[in-house]
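Below: the structure, in structure tokens.
The values are calculated or read from the model by the stated rules, or taken from the named source; none is laboratory data. Not measured: the values here are computed from a predicted model. Using ideal geometry, Cβ is built from the backbone for each residue, glycine included, and neighbour counts are taken over all protein chains shown.
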Amino acid sequence: MTNTRRNLLIGLGVLALAAAVALAVWWWNRTYVRTEEFVDIPRTGEARTNPLYVLKLALRADGVKAEARQRLQRDRFTLGRSDTVLLYSDPRTLPTADADALMEWVATGGHLLVRVPASGAGKERVPVLSSLGITPAKAAPQCVGLQVEGEDRHVEFCQARAFTLDGEEPLRAWVNEAGDYVFARMKHGQGVIDVVSGFDFLTNDKLKDVPHIALTRQLLAPNYGNGTVHLIYAADMPSFWSTLLRQSWMVWLPLLLALFAWLWRRALRFGPLLPSPPAERRSLIEHIVASGEHIHRYGYGDVLYEAARTAFLARLRRRDPQAAAQGGDVQAAMLAERFGLNANDIRDALSTPDPRDRTAFRQRIALLVRMRNSLRPSNPESSP
């Protein structure tokens with residue numbers, strides 16, 4: 001290939017690449033559209049733990065002084081005559097001293113809002129409610145219609161317990177189809193107490209609905225704008241384990257997999273089941289007999305006989321040295337007198353038998369063993 005042709009091909013390649021880049025830029029400019037997207041991020045700080053955070057901001061935006069805290073804290077916050085206290089938490093958690101102080105404060109002109117316990121109240125005394133003659137109803141919760149002008153029909157208190165009233169007639173009331181109260185406003189001294197089945201419509205997620213906003217404004221009407229609204233809530237902190245499970249899986253999942261891998265690596269490997277080893281089925285004497293028969297079968301009977309004869313003579317030297325020092329007929333006669341046996345049999349037992357005569361072999365070894373056993377001392381442990 002000549003230099004001219006090579007340079008021509010390189011130039012065509014560069015032109016094709018430039019055309020492709022220009023085409024991509026043109027397509028990008030014609031099809032790309034810049035848009036904005038709103039993404040809800042998880043709540044942080046007070047917005048995460050305070051279910052009445054939106055209500056507090058709404059009141060402040062409307063020019064009403066509002067304070068939110070988890071407990072009443074009478075030692076730090078003084079309640080004014082025109083203040084409002086909303087107890088969002090279960091009234092059964094209210095200490096008796098705080099309940100009595102709230103009743104005295106309402107009598108001076110305060111406005112108290114309290115809800116009915118969701119369940120489990122029974123016949124136990126509920127602070128504030130028991131003194132007003134209020135008892136949670138035993139019937140199942142029923143929805144109550146709520147109509148706001150310009151809005152669709154709405155229902156409320158579908159999951160909240162209604163209550164009955166044994167005391168004086170309330171200033172304002174709201175009942176369901178069963179005749180039980182879902183809201184009652186009662187006069188107490190110079191102030192008022194509002195009892196509501198539930199405060200679910202006040203939470204951060206539900207206060208954005210117009211019917212809920214209107215209902216909240218009516219509940220806060222007695223002292224609205226005249227004093228401070230104290231929002232007492234129970235901190236709605238999520239469980240540590242649920243938070244760890246939902247938001248920290250990027251950490252614990254790899255660690256859990258690493259732990260399983262380590263356990264798998266360190267675990268014992270179990271193969272097929274092996275049969276148990278056979279138990280010993282022979283006693284020691286059976287092994288000795290089998291060993292002697294094996295030796296005798298292969299023509300080493302003289303070794304067995306010599307071992308028996310040596311063992312007998314060794315014990316005889318320890319028990320009767322005089323007889324052991326003799327030999328021949330004299331020794332046989334002395335042993336015959338000692339053991340009460342025939343001298344000829346003893347003489348034959350002390351002489352090596354013919355290996356082919358199995359009967360003579362057995363008889364001589366048996367006699368040597370019997371005479372050796374007869375030489376045992378009275379105390380077997382004193383001498384071998």
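So here's what we get for this one:
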item	result
Candidate set: the range 48-82, residues that are farther than 24 Å from TRP105 by Cα and either touching a strand residue (DSSP E or B) at 6+ places or on another chain (Cβ under 9 Å) or of a type in the set (A, V, I, L, M, F, W, C) (or both); chosen: the one surrounded by the most Cβ atoms within 10 Å (Cβ to Cβ)	ASN50
Set ALA323, ALA333, ALA290: member being closer than 19 Å to THR352 by Cα and more than 60 Å from the chain's Cα centre (by Cα)	ALA333
Pairs where the first residue, in the range 94-109, is in the same structural domain as LYS187 (by TED's automatic domain parsing) and surrounded by fewer than 18 Cβ atoms within 10 Å (Cβ to Cβ) and the second is modelled with pLDDT of 90 or more and not hydroxyl-bearing (Ser, Thr, Tyr), C-beta under 8 Å, 6+ apart	ALA107/HIS188; ALA107/GLY189; ALA107/GLN190; ALA107/GLY191; THR108/ARG81; THR108/GLY189; THR108/GLN190; THR108/GLY191
Residues of the range 199-211 that turn out to be more than 26 Å from ALA107 (Cβ to Cβ) and in contact (Cβ under 8 Å) with a residue 40 or more places away in the chain, as a count	9
Meets criteria (in the same structural domain as ILE134 (by TED's automatic domain parsing) and surrounded by fewer than 19 Cβ atoms within 10 Å (Cβ to Cβ)) for ALA184	no
Wholly enclosed helices (runs of 4 or more DSSP H) of the range 306-357 bearing at least 2 residues without any contact (Cβ under 8 Å) to a residue 12 or more places away in the chain and out of contact with any helix residue (DSSP H, G or I) (no Cβ under 6 Å at 6 or more places or on another chain)	321-325, 328-339
Enumerated strands (runs of 3 or more DSSP E) restricted to the range 31-116, each holding at least 1 residues that are hydrophobic (A, V, I, L, M, F, W, C) and over 22 Å from ARG217 (Cβ atoms)	none
